[in-house]
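Here is the structure we will look at, set down as structure tokens.
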Amino acid sequence: MTVKNSVERSVFDEVMVPCYSPMDFIPVKGQGSRVWDQQDNEYIDFAGGIAVSCLGHCHPAMVKALTEQGNKIWHLSNVMTNEPALRLAKKLTELTFAEKVFFANSGAEANEAALKLARRYAVDTYGPEKTEILAFVQGFHGRTFFTVTVGGQSHYSDGFGPKPSDITHIPYNDIDALKAHISDKTCAVMMEPLQGEGGIVSPSDEFAQAVRELCDKHNALLIFDEVQTGNGRTGDFYAYQGLGITPDILSTAKSLGAGFPIGAIMTTTKIAGHFKVGVHGSTYGGNPLGCAVAEAAVNIISQPETLAGVKERETLFRAGLEKINQKYHIFSEVRGKGLLLGAALNEAWEGRARDILVAAGKAGLMMLVAGPNVLRFTPSLIIPEQDIEEGLARLDKAISTLV
Ligand SMILES: *Cc1c(COP(=O)(O)O)cnc(C)c1O
């Protein structure tokens, strides 16, 4: 391959808005779960572009879908419909509870649509007082002002002036707090069916059941933010399918496009009817290129073998992390589901997740954190077993440089 050094990491600091702090190396090529940087150093990818590249890099079926559609038509806008969008929407309704789909371009946009739809539905159906949104501490729903305010991390939402109002945060997995706060004024409860950014926290079965029951009791819609958990990530096509409860609105993005930007909300015909012509929209949303790629991704992800493979890989990850823990006594707990796993650091390693991430990069491993104390693993759903082994060996090596 040709090494192009005309732009380097320092250019980021020169010309990019400084809201990120990217790693020192610049990846230029990927294949499966391996990535190469400008200097041709090779990395194992346990990050998957933050739970996005669910079929690895440059999967042949994805490249085919992209190039085929790329040679047909890229964009039409919502003034026209298009074949890939209709096919993808049909497929998503066949695979889930949903009867109707709205396409957006990102997770935040999907959640923005979900929240606006829930508010509109409640106001239309029950009157102007029913606007309260209940959400959870440490939740994450994106960076638009509405979604970041519904998210439960004030350091992301403070400092931008007056916020969208009538939003209440309660602790996750706390049935009593939910009972105490939910009322007939609640229009929706928004939650991740496994908190991702907030530290990889699963809901208890009782909590999930209680949320559904209390929403029904108070005519509140249950919105599941499946932006991170969706599309096979937990071993079910959507995480709600493994929880035994069904939301009223589901948002999806990240892995839906397997690396191409697309998002969507899914809901019932009854609720969807409140987004009448002109009430909501998106110029790019449902664009043929994005939908063609997502359709190819969904076709692969929804196969039973793919989903079963996620569970097998989870077992390998857990065993490997356990081995590392026996050697270094570094984790208090490994949690999560499928290939959305978190290794929580124990007290002796408190606050050092980012140090480990940087050391891992130097050892040839791309991974993630979820806050200062949790290592997060969101690799390709079809990562080869030997790449899991090799990646864990590199993690072991990275940790050894820090002890
Ligand atoms: C990543 C994420 C979002 C935001 O998605 P963007 O595509 O970055 O807007 C929303 N909700 C959850 C649960 C996420 O993990």
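Kindly indicate whether any position in the range 218-228 is more than 25 Å from Ile262 (Cα to Cα) and open to solvent by 20 Å² or more (accessible area, probe 1.4 Å).
Yes, there is a match, as at least one residue in the range 218-228 is more than 25 Å from Ile262 (Cα to Cα) and open to solvent by 20 Å² or more (accessible area, probe 1.4 Å).
Just checking, does the range 209-216 include any residue being open to solvent by 10 Å² or more (accessible area, probe 1.4 Å), away from the ligand (no atom under 16 Å from the Cβ) and assigned to a loop (DSSP other than H, G, I, E, B)?
no
Results for (1) assigned to a loop (DSSP other than H, G, I, E, B); (2) among the acidic types (Asp, Glu); (3) under 14 Å from Asp387 (Cα atoms), shown as yes or no for each residue.
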{"site": "Val11", "(1), (2), (3)": "no, no, no"}
{"site": "Glu14", "(1), (2), (3)": "no, yes, no"}
{"site": "Cys19", "(1), (2), (3)": "yes, no, no"}
{"site": "Met23", "(1), (2), (3)": "yes, no, no"}
{"site": "Tyr43", "(1), (2), (3)": "no, no, yes"}
{"site": "Ile50", "(1), (2), (3)": "no, no, no"}
{"site": "Ala61", "(1), (2), (3)": "no, no, no"}
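Does the range 70-114 hold any residues that are in contact with a Ser or Thr (Cβ under 6 Å, 6 or more places away or on another chain), more than 16 Å from the ligand (Cβ to nearest atom) and assigned to a helix (DSSP H, G or I), and which are they?
Once the filter is applied, which keeps residues that are in contact with a Ser or Thr (Cβ under 6 Å, 6 or more places away or on another chain), more than 16 Å from the ligand (Cβ to nearest atom) and assigned to a helix (DSSP H, G or I), the range 70-114 yields only Leu95.
Under 6 Å between Cβ atoms, which residue pairs at least 6 apart in sequence (or on different chains) link something in the range 107-128 that is within 16 Å of Val150 (Cβ to Cβ) and in contact (Cβ under 8 Å) with a residue 24 or more places away in the chain with a partner that is within 16 Å of the ligand (Cβ to nearest atom) and open to solvent by 20 Å² or more (accessible area, probe 1.4 Å)?
Sorted first by the residue in the range 107-128, then by its partner, the pairs are Ala108/Arg143; Ala108/Thr144; Glu112/Thr144; Glu112/Phe146; Ala113/Phe102; Leu115/Phe146.
Quickly run through the range 262-290 and pick out the residues that are in a helix (DSSP H, G or I) and within 18 Å of the chain's Cα centre (by Cα).
The answer is Gly290, and nothing else.
What number of residues within the range 92-141 are surrounded by fewer than 24 Cβ atoms within 10 Å (Cβ to Cβ), more than 16 Å from the chain's Cα centre (by Cα) and not aromatic (Phe, Trp, Tyr)?
20
Any residue at all in the range 28-41 that is over 25 Å from Asp355 (Cβ atoms), at pLDDT 95 or above, over 24 Å from the mean Cα position of the chain (by Cα) and not assigned by TED's automatic domain parsing to the domain that holds Ile388?
no
Spot the failing condition for Arg335; the list is (1) outside any strand (DSSP E or B); (2) in the same structural domain as Glu385 (by TED's automatic domain parsing), and only one is missed.
The single condition Arg335 does not satisfy is (1).
Restricting to the range 306-364, name every residue that is open to solvent by less than 40 Å² (accessible area, probe 1.4 Å) and of a type in the set (Val, Ile, Thr).
Within the range 306-364, Thr306, Val310, Ile324, Ile330, Val334, Ile356 meet the criteria.
Find the residue count for the range 335-349, including only residues that are over 17 Å from Ile324 (Cα atoms) and over 17 Å from the mean Cα position of the chain (by Cα).
0
Go through the range 232-260 residue by residue and tally those that are within 15 Å of the ligand (Cβ to nearest atom) and either more than 25 Å from Leu341 (Cβ to Cβ) or assigned by TED's automatic domain parsing to the domain that holds Val310 (or both).
1
Looking at the range 200-207, is at least one residue open to solvent by 10 Å² or more (accessible area, probe 1.4 Å), over 29 Å from Leu368 (Cβ atoms) and outside any loop (DSSP other than H, G, I, E, B)?
Within the range 200-207, one or more residues are open to solvent by 10 Å² or more (accessible area, probe 1.4 Å), over 29 Å from Leu368 (Cβ atoms) and outside any loop (DSSP other than H, G, I, E, B).
Kindly list, by first and then second residue, each pair from a residue in the range 226-240 that is acidic (Asp, Glu) to a residue that is near the ligand (Cβ under 10 Å from one of its atoms) and open to solvent by less than 10 Å² (accessible area, probe 1.4 Å), limited to pairs with Cβ atoms under 6 Å and residues at least 6 apart or on different chains.
Glu226/Thr252
What number of residues within the range 135-172 are within 16 Å of the ligand (Cβ to nearest atom) and either hydrophobic (A, V, I, L, M, F, W, C) or outside the structural domain of Gln228 (by TED's automatic domain parsing) (or both)?
9
Cβ-Cβ distance below 7 Å, separation of 6 or more or different chains: which pairs start in the range 33-62 with a residue that is without any contact (Cβ under 8 Å) to a residue 60 or more places away in the chain and end on one that is of a type in the set (Asp, Glu) and assigned to a strand (DSSP E or B)?
Trp36/Glu42
Applying the selection to the range 173-203, what residues are β-branched (Val, Ile, Thr) and either touching a residue at least 40 places away in the same chain (Cβ under 8 Å) or within 16 Å of the ligand (Cβ to nearest atom) (or both)?
Those that are β-branched (Val, Ile, Thr) and either touching a residue at least 40 places away in the same chain (Cβ under 8 Å) or within 16 Å of the ligand (Cβ to nearest atom) (or both): Ile182, Thr186, Val189, Ile200, Val201.
The values are calculated or read from the model by the stated rules, or taken from the named source; none is laboratory data. The structure presented is a predicted model; accordingly, all values stated were derived computationally and were not measured. Here Cβ is always computed from backbone atoms with ideal geometry, including for glycine, and neighbour counts include all displayed protein chains. Surface accessibility is based on the protein's heavy atoms, side chains included, excluding ligands, DNA and RNA. Shrake-Rupley method; radii C 1.70, N 1.55, O 1.52, S 1.80 Å.
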